[in-house]
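Step one of this worksheet: look at the structure below.
The values are calculated or read from the model by the stated rules, or taken from the named source; none is laboratory data. Keep in mind that what you see is a predicted model, and the values were worked out from it rather than measured. Counting neighbours? That spans all protein chains shown, and the Cβs are built from the backbone with ideal geometry, glycine included.
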Amino acid sequence: MESLLSLKVDAAKNPEVKEALQNAVSQIQLMEILYEKLRVTQGYSEISIHSYTESLMDFLHEVYFAGSKFILERQISDFTIEVPKAISVGIIIEELLNNGYNYAFKGRTGGRISIALTKVKNEVSLCIRDNGIGFDEKSLQENSRGFGHTIVKMLTEQSERSYRLSNDGGPRIDIVFID
């Protein structure tokens, strides 16, 4: 499936179609990373979030920032999480890194994206921020963001997570959920 989609990406002339197909390829590759982690895990109900997200971010850094002066800072605690929640976290991280790559650093040759994922008692917090161009206040107020943020918001609403987007020297997204 991935190979067929990759061929379609190469053949696509329309930039929007090309981007949509590339996103589909990335999603398949993310699932491969998760599957590989599950394959070596005892039982399949929980997974180490540290191991999974580190592998995921290594892959995404290669896809989006290889050979560039962009820095991906990570502060990932080591705890286990239910597999469906890990999948959602992976999709959210991928979508937000994709947005950072595509929009946050236009016209710049370097930048920083920071990802923190921590757990205190049963509360898991994910914070992703960058030092890119940020959002204009009108966009924040009108809630008029693109497809990636729509997916992130939808995933947070489905699982009763809190979602907050702010402009703090660049965009900052905070997501909190109960594990």
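When region 99-116 is limited to residues that are of a type outside the set (Phe, Trp, Tyr) and more than 15 Å from the chain's Cα centre (by Cα), the one that is surrounded by the fewest Cβ atoms within 10 Å (Cβ to Cβ) turns out to be GLY107. In region 46-98, the qualifying residues are those that are hydrophobic (A, V, I, L, M, F, W, C) and over 29 Å from THR109 (Cα atoms), and the one that is surrounded by the fewest Cβ atoms within 10 Å (Cβ to Cβ) is PHE79. Residues in region 142-157 that are of a type outside the set (A, V, I, L, M, F, W, C) and modelled with pLDDT of 70 or more were compared, and the one that is surrounded by the most Cβ atoms within 10 Å (Cβ to Cβ) is THR156. Counting only residues that are over 15 Å from PHE70 (Cα atoms) and either outside any helix (DSSP H, G or I) or of a type in the set (Gly, Ala, Ser) (or both), region 84-112 holds 3 of them. Kindly check whether there is at least one residue in region 123-132 that is more than 25 Å from SER48 (Cβ to Cβ), in contact (Cβ under 8 Å) with a residue 24 or more places away in the chain and part of a loop (DSSP other than H, G, I, E, B). Yes, region 123-132 contains a residue that is more than 25 Å from SER48 (Cβ to Cβ), in contact (Cβ under 8 Å) with a residue 24 or more places away in the chain and part of a loop (DSSP other than H, G, I, E, B). Filtering region 149-176 to residues that are closer than 17 Å to GLY90 by Cα, assigned to a strand (DSSP E or B) and more than 16 Å from the chain's Cα centre (by Cα) leaves only SER162.
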